[in-house]
Amino acid sequence: MTQQSDYIANILMDVGLVDEGSVEKAKDHSVKTGKSFQEALVELGLCKEIDILKALAVQFGMEFIQLSDIDIPKDIIKLIPPETAKKYKIVPIKKKGDTITVALAEPTDADIFDNLSFILKCNIEGVVATKEEILAALDKYYGVTEETVDKMIAELSEGDITFLDEKTRNVEEEGVAEEAPVIKLVSLLILEAFKMRSSDIHLEPLERKFRVRYRIDGVLHEMQSPPKRLQGSIISRIKIMSNMSIAEKRLPQDGRIKINLMGKEIDLRVSSLPANHGESVVLRLLDKSSLLLGLSELGFFADDQETFEDLITLPNGILLITGPTGSGKTTTLYGALNYINRPDRKIITVEDPVEYMLSGINQVQVNEDIGLTFANVLRSILRQAPNVIMIGEIRDIETANIAVQAALTGHLVFSTLHTNDASGAITRLIDQGVKPFLVASSVQAILAQRLVRKICNACKQEYKPGEYEISAAKLDPEKIKDVKFYKGVGCSECNNTGYKGRIGIYELLVVNDEIRKMIYQKCTSGVIRQKAREIGMRTLREDGIRKALGGITTLDEVFRITQMDIE
């Protein structure tokens, strides 16, 4: 038994709640099951949880409360961010001066007080409540379900999630009874991520815990961690589902899972990576319904949308979409392909990997292990006489040159580059080795984009921005005195973040004769950018500010996403 467990046992024996025999039984049960000493006592029926907590509360000079009897004001709940409350399983109940009082079910954990004091920059006092009431309060005030793993597994409905892949179905049928809890737990992790609108599930083995985080609207949120002892079983289960080798743990692997979640077909792209304390696994949820968005739903204003629609219906040339990973480039590309996908057009894509299956479009997945590279596939594609070619990414000079030649020989080419802004894509192509006159002749336009979080409509409220925000946005106070600004105050709909969903902000650089001349002259990206602005291009920040003025997002969110776009 640990030193802490010995300490707790002595406290409980001193007040007559347990005897030495009960302590020994709980000790053995704790070792066998991996549960804490207190949990073992309760599970064996040797002591009630409420009695243990009351005894510990007295010992540590804390009050024991019935948390369910307290109605906590919203301004108190906002004192502690949802991710912090969930991580430490605490609920704020009042504030006096610079001291916040929190309810918790682990009064013996002194690290909680030190960590919270450091994070929140204030003093922390504790009161004690049962774990069940703490979890119920987290669910009530923060809009998340923080139940025990066993309870979550028990409540999972079999009909909520179905695996569509034949191999996965066979694994389901051959599974042994003792694996059922792990199978259900993995299904639950995926289902909860889907319900919370996550784009990624991150399973990260750490030294003493198996951390689970969901990426929601581009921001990672830590969830309740499964027991560390289930780490190997959970990772093996995911690898089996995604047709990866469970024997190989030294090399990275990639896989895919097809599932039906609550009546909606979802693809999961799975990646495993060997790390210090086990394999780190990331599952990306690919929802096909997002591809059905019209261009206006992606976030284009009417003028930019009209220009973009004209560009994607051109007979030839290159249209580049730029931005970092996770900026929505793929969704925009597929939205554009859907817009021009008609029976009289042949569209072929070459991708690594193919993220979404599109009806009526020929899609090719790169496989460098067998020599099926971007460049090799592109050479063969041109012999297929397509009208439109989509290249997942221009990564090297060979791919870039073939894309340019395709554009110059009558094909419309879509592709992506990883650059910070639109003008940077021009210099990137030239740096890769493409001749400036070829870039100028072939590139029709470049669209740089980012994703900003949208204000939650359920808790949207008007507010007055400060002088700093107005100044940073370069707005004239006189011109915006009648403009209403909004922000989300936080509610259960948005997990108390104030944001729900994301929308694109765009920087559209159309290559006209003036820009072409500058490309011929090998002008820097900064000079080209300045000229583009003079002829009407809006920067990412300017487009974001327009959306903030329209009540779609906040100035803070625009500043966060466009930190590099300051002039």
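The values are calculated or read from the model by the stated rules, or taken from the named source; none is laboratory data. Not measured: the values here are computed from a predicted model. Here the Cβ positions follow ideal geometry from the backbone for every residue, glycine too, while neighbour counts run over all protein chains shown. Surface areas here come from the heavy atoms of the whole protein model, side chains and all, with no ligands, DNA or RNA. Shrake-Rupley method; radii C 1.70, N 1.55, O 1.52, S 1.80 Å.
Structure values in brief
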item	result
Distant-in-sequence amide H partners of PHE64 (H built 1.01 Å from N, under 5 Å)	VAL128
Long-range HN-HN contacts of VAL443 with modeled amide H, under 5 Å	ILE318
Ranked packing of 527-535, 312-320, most packed first, by mean Cβ within 10 Å	312-320, 527-535
Where the chain is the region considered: accessible area per residue in Å², 1.4 Å probe	48
THR497 accessible area, 1.4 Å probe, all protein chains in place, Å² to nearest 10	50
Value of D in µm² per second that Stokes-Einstein yields for the chain, Kirkwood Rh from Cα pairs, at 10 °C (1.306 mPa s)	58
Other-chain or far-sequence residues with amide H under 5 Å of VAL91's (modelled H)	ALA103
Label-point gap, in nm, between HIS277 and GLU368 - each point 7 angstrom along Cα→Cβ	3.1
Under Karplus coefficients 6.51, -1.76 and 1.60, residue-wise ³J(HN,Hα) of segment 352-360 in Hz, glycine/proline x	9, x, 6, 7, 10, 8, 10, 5, x
Within segment 386-423: backbone nitrogen closer than 20 Å to the ASN512 label point (7 Å, Cα to C-beta)	422-423
FRET efficiency, ASP287 to ILE470 (Cβ-Cβ, R0 41 Å, nearest 0.05)	0.65
Cα pair count fraction exceeding 18 Å, expressed as % - segment 503-567	42
FRET E, pair THR84, GLU20, Förster distance 60 Å, beta-carbon r, rounded to 0.05	0.95
Qualifying lysines (Cα of each under 18 Å from Cα of LYS35; at least 8 residues distant if same chain)	LYS25, LYS27, LYS48, LYS89, LYS131, LYS151, LYS209, LYS228
Radius ratio Rg over Rh of segment 447-558, counting only Cα atoms, Kirkwood formula for Rh	1.10
Ellipticity estimate at 222 nm from DSSP helix runs (n ≥ 4, -39,500 (n - 2.57)) divided over the chain, nearest 500	-11500 deg cm²/dmol
Accessible surface of the chain, 1.4 Å probe, proportion on carbon and sulfur as whole %	49
Using a Förster distance of 22 Å, the FRET efficiency for ARG383-ASP344 (Cβ separation, nearest 0.05)	0.65
